[in-house]
Amino acid sequence: MTTEPVTVRLFGALHALQKERGGPTLVEVAVPPEGVTGADLASMLDLPHSMIEGVFCNRVVRPMSHLIRPGDRVAFVPEGTPGPHRFFLGLYAAGKDDEEEVPTVQ
């Protein structure tokens, strides 16, 4: 049985790093039905955790410990997002690594 892949987008310094490596900045990744954490997904893509500020999963900012499941849409946000934007996007709260949903503006 196959599962729907996770779609991953990279931004900022992560986008530049992937381009330097000659890789795509939009990728589809197969994950097991039980899912993987954002941190595990970053490792699968060989992304340095030190460069990641947060992860958006289906338009909601989540901590790196959040479980990513097949079919999810994910975007990794690079470290260094300016202060007001970190707060507005929900990166500040997500960095506290709790699983409470952090609202986003759509």
Task: Odd one out for Thr3 among (1) over 15 Å from Pro78 (Cα atoms); (2) modelled with pLDDT of 95 or more; (3) not charged (D, E, K, R) - done: (2)
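Identify all residues within the range 20-44 that are among the hydroxyl-bearing types (Ser, Thr, Tyr) and assigned to a strand (DSSP E or B); write none if there are none.
The answer is Thr37, and nothing else.
Could you check how many residues of the range 1-19 are part of a loop (DSSP other than H, G, I, E, B) and among the polar types (S, T, N, Q)?
2
Among residues belonging to the range 19-74 that are of a type in the set (D, E, K, R) and surrounded by 13 or more Cβ atoms within 10 Å (Cβ to Cβ), point out the one that is farthest from the chain's Cα centre (by Cα).
Filtering first and then ranking leaves Arg69.
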Open item on the list: For the range 45-63: of the residues being in contact with an Asp or Glu (Cβ under 7 Å, 6 or more places away or on another chain) and assigned to a loop (DSSP other than H, G, I, E, B), which is nearest to Leu14 (Cα to Cα)?
Closed with: Pro63
- [ ] Take Glu4 and decide whether it is surrounded by fewer than 16 Cβ atoms within 10 Å (Cβ to Cβ) and either basic (Lys, Arg) or touching a residue at least 60 places away in the same chain (Cβ under 8 Å) (or both).
- [x] yes
Open item on the list: Under 7 Å between Cβ atoms, which residue pairs at least 6 apart in sequence (or on different chains) link something in the range 16-35 that is closer than 17 Å to Val77 by Cα with a partner that is of a type in the set (Ser, Thr, Tyr) and in a loop (DSSP other than H, G, I, E, B)?
Closed with: Gln18/Thr25; Lys19/Thr25
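The values are calculated or read from the model by the stated rules, or taken from the named source; none is laboratory data. The shown structure was predicted, so the numbers you read here are calculated from the model rather than taken from an experiment. For neighbour counting, all protein chains shown are included, and Cβ atoms are generated from backbone atoms with ideal geometry for every residue, glycine included.
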